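Structure first, then comments.
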Amino acid sequence: MHRRNVRENSAIFRTYEELFPRGKDGVLFFKRHYEGGYIYSQQIVVEATPDDKALLGWRINYGYQDETPNVAPKLAETRTLPDQKGIAFDIDVVKATRPGIKAKLRIEARPWT
């Protein structure tokens, strides 16, 4: 059980405007707001294949569904995690049209033990 008191300024007794005051354009993020839709909605195919010659025994390949459907032709550049118990790799995420994005998706993999 929880008690809700006006004198304690509980959120349950406050109006929406009191909780979320209107900001001027640019104070929050209104100038760069795009109504609806996705900034990035591409499917990325990732394959992990056991390989004694690869870092920690796994070869990682990836691909973008719209470029190579259901195929992962690109070899990921894996690196060991700081704790030496797994691997990590980055995948470029780019959409040039506005509202665009240019980023790296970092994926980490560790044993389940």
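Read-outs throughout are calculated quantities, based only on the coordinates presented, and are distinct from any laboratory measurement. Because the structure is predicted, anything quoted here is derived from the model rather than measured. Virtual Cβ from ideal backbone geometry, glycine too; neighbours counted across all protein chains shown.
The LYS102 and GLU18 beta-carbon pair, evaluated with R₀ = 41 Å, returns a calculated FRET efficiency of approximately 0.60.
Once you compute Rg and the Kirkwood Rh from C-alpha atoms, what is the Rg to Rh ratio for segment 32-95? Don't jump to the answer; show the numbers that get you there.
On the way: Rg = 15.0 Å, Rh = 13.6 Å.
Computed over Cα atoms, the ratio is 1.10.
Placing dummy labels 7 Å off each Cα toward the beta-carbon, the span from ARG79 to TRP112 is 2.8 nm. Positive contributions from Lys and Arg (+1) and negative ones from Asp and Glu (-1), summed over other residues with Cβ under 13 Å from the Cβ of VAL46, come out at 0. Measuring nothing but how far apart in sequence close Cα pairs (under 8 Å, 6+ apart) lie, relative to its length, segment 67-113 scores a relative contact order of 30 percent. Put simply, the amide H of LEU81, placed in the peptide plane, has neighbours under 5 Å in GLY86, ILE87, ALA88, leaving out anything fewer than 5 places away on its chain.
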